[in-house]
Amino acid sequence: MFLAKIALTCAAAAALTAVAPPPGAPAAAAAGAAPRPCAGAPTCYVDVSVAEVWTDPARVRRVDAPATANPVDMRAWLEDMTLDEQRRIPGETQALHGTEVTVEKTVERDGLLWDYVWVHGQPTPKDRAGRGAYPGWIPDRQLTSDHRQPPGGTREARISRPTAWGYSTAADAASAAASGRSAEYSYNTSFPVQAGPVPGVVEARSGDGSRLFFRAADLAPVPADPTGEDVVAAARTFLGLPYVWAGASGFGYDCSGLVSQVYSMLGLVVPRDAQPQFDAGGGRAPAGSAEGERITGTQDLRPGDVVAFRSTTGGAVSHVGVFTGMRNGEPMMINAPGTGEGVREEPLDGTGRVYAGATRFLPSPSLGTP
């Protein structure tokens with residue numbers, strides 16, 4: 001039995017200095033004339049392609065303005081930051097388009113409304129109420145209470161590339177016309193879809209019922225019986241993708257964000273952060289998470305196992321990766337190492353951290369032998 005530990009994301013904790021928040025809402029909102037997108041509802045949904053979930057509105061910086069807008073501009077946000085600013089992102093995690101959140105309270109800061117929410121589908125020990133959700137702040141304008149049932153004849157599909165564009169018409173999707181782009185969505189974003197009016201295109205519905213179109217090759221169904229090899233193949237999709245502190249989208253991941261989103265895409269909900277991912281293999285899975293099996297020695301690892309590391313012997317788990325197999329006698333993993341680096345495949349001893357063990361979330365018979 002392992003002792004409960006404080007949930008950690010992957011990078012070393014950086015001291016965040018409270019600075020001026022980004023420019024406030026549009027003039028109408030600042031004057032109180034604009035409606036609240038969430039409308040005070042206790043249950044709302046992410047209305048942008050990716051919502052950053054912040055630690056505290058007071059710590060959000062001017063450079064973070066593209067990430068607090070609607071529509072959001074994740075690429076501009078990440079490209080405009082220096083490496084030092086990236087290390088100091090005051091974020092907890094990220095939430096994908098359509099994700100359900102429970103709203104606990106709303107505050108106003110400099111004309112911008114902020115909701116303190118619990119993001120469903122991201123289990124953490126921080127959630128004492130058993131919701132299987134992660135806490136943090138999201139601008140109210142990035143949420144909506146409008147959520148409609150999809151029409152009959154649709155099926156669930158998820159973005160299977162790091163990111164994919166939605167288009168306003170089927171013709172634009174078929175030709176990948178830049179002028180017809182609606183929004184760029186992240187890996188693992190779920191949509192109800194049906195066959196589109198032209199070959200190679202599917203019609204999707206947003207939560208508010210509006211139509212958009214995707215290239216069919218950009219989405220895939222959740223597999224019925226995923227294997228460890230499926231986990232490895234999905235993780236390899238992101239080789240070279242830049243590390244982003246608190247990242248949980250195809251625009252950039254932190255180490256545990258990569259692990260949790262790859263497993264989520266394959267239909268298995270695991271904890272959001274590194275320490276709980278490890279603890280889930282020792283009988284301490286938080287509410288809403290799959291239970292795992294503890295694997296100790298590297299000789300017993302199988303592809304898809306979540307390998308865990310400490311910064312120092314006896315310290316908390318602060319880093320995780322996906323075991324991929326043996327190469328030239330060395331155990332290998334895919335991981336998001338840290339700010340300024342891309343997702344890569346490397347030996348387990350290549351990070352300079354202390355190996356702590358692994359968690360196996362998939363049953364052994366499905367994994368086969370490495």
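The values are calculated or read from the model by the stated rules, or taken from the named source; none is laboratory data. This one's a predicted model, so the numbers in the text were calculated from it and none came from an experiment. All Cβ positions, glycine included, derive from the backbone under ideal geometry; neighbour counts span all protein chains shown. For the accessible areas, the whole protein counts, side chains as well, though only heavy atoms, and no ligand, DNA or RNA atoms are used. Shrake-Rupley method; radii C 1.70, N 1.55, O 1.52, S 1.80 Å.
Applying 1/(1 + (r/R0)^6) with R0 = 30 Å to the Cβ-Cβ distance of Glu293 and Arg128, what FRET efficiency is obtained, to the nearest 0.05? All intermediate terms of the calculation are to be shown ahead of the outcome.
Values: r = 26 Å, r/R0 = 0.85.
About 0.70, to the nearest 0.05.
The share of Cα pairs per 10 Å bin across region 83-144, counted from zero up to the longest distance, runs 21, 47, 29, 3 percent. Size of the chain from its Cα atoms: along the principal axes, largest to smallest, the extents are 61, 51, 38 Å. Taking only the C-alpha atoms of region 203-337, Rg followed by Dmax gives 16.1, 53 Å.
Extension gain, Asp56-Asp84: 0.36 nm per intervening residue step, less the Cα-Cα distance, totals 8.2 nm.
Taking one quarter of the surface of the C-alpha convex hull of region 279-367 gives a mean projected area of 6.5 nm².
Here the label points at Ala195 and Lys105, each 7 Å from Cα along the C-beta direction, are separated by 5.3 nm in the simple model.
Any chance you could give the angle, 0 to 90 degrees and rounded to 10, that helix 255-265 forms with the longest Cα principal axis of the chain? Compared with the principal axis, the helix lies near 70 degrees. Give the carbon-plus-sulfur fraction of the accessible surface of the chain in %, rounded to a whole number; probe 1.4 Å, heavy atoms of protein chains only. Result for the chain: 51 percent of the exposed heavy-atom area is carbon or sulfur. About the centre of its Cα atoms, the chain shows a dipole size close to 260 debye [charges on the beta carbon of Lys, Arg (+1) and Asp, Glu (-1) only; nearest 20 debye]. Averaged over its residues, the chain has an accessible area of 40 Å² per residue, based on protein heavy atoms and a 1.4 Å probe. Between Leu239 and Ala316, the C-beta separation translates, for a Förster distance of 30 Å, into a calculated FRET efficiency of about 0.65. Counting only Cβ charges, +1 for Lys and Arg and -1 for Asp and Glu, the dipole size of region 235-340 around its Cα centre is about 100 debye. Over region 66-107, what portion of Cα pair distances is larger than 14 Å, expressed as a whole percent? More than 14 Å apart: 63 percent of the Cα pairs in region 66-107. Full extension of the chain between Asp349 and His147 gives 68.1 nm of extra length, using 0.36 nm per residue less the Cα-Cα distance.
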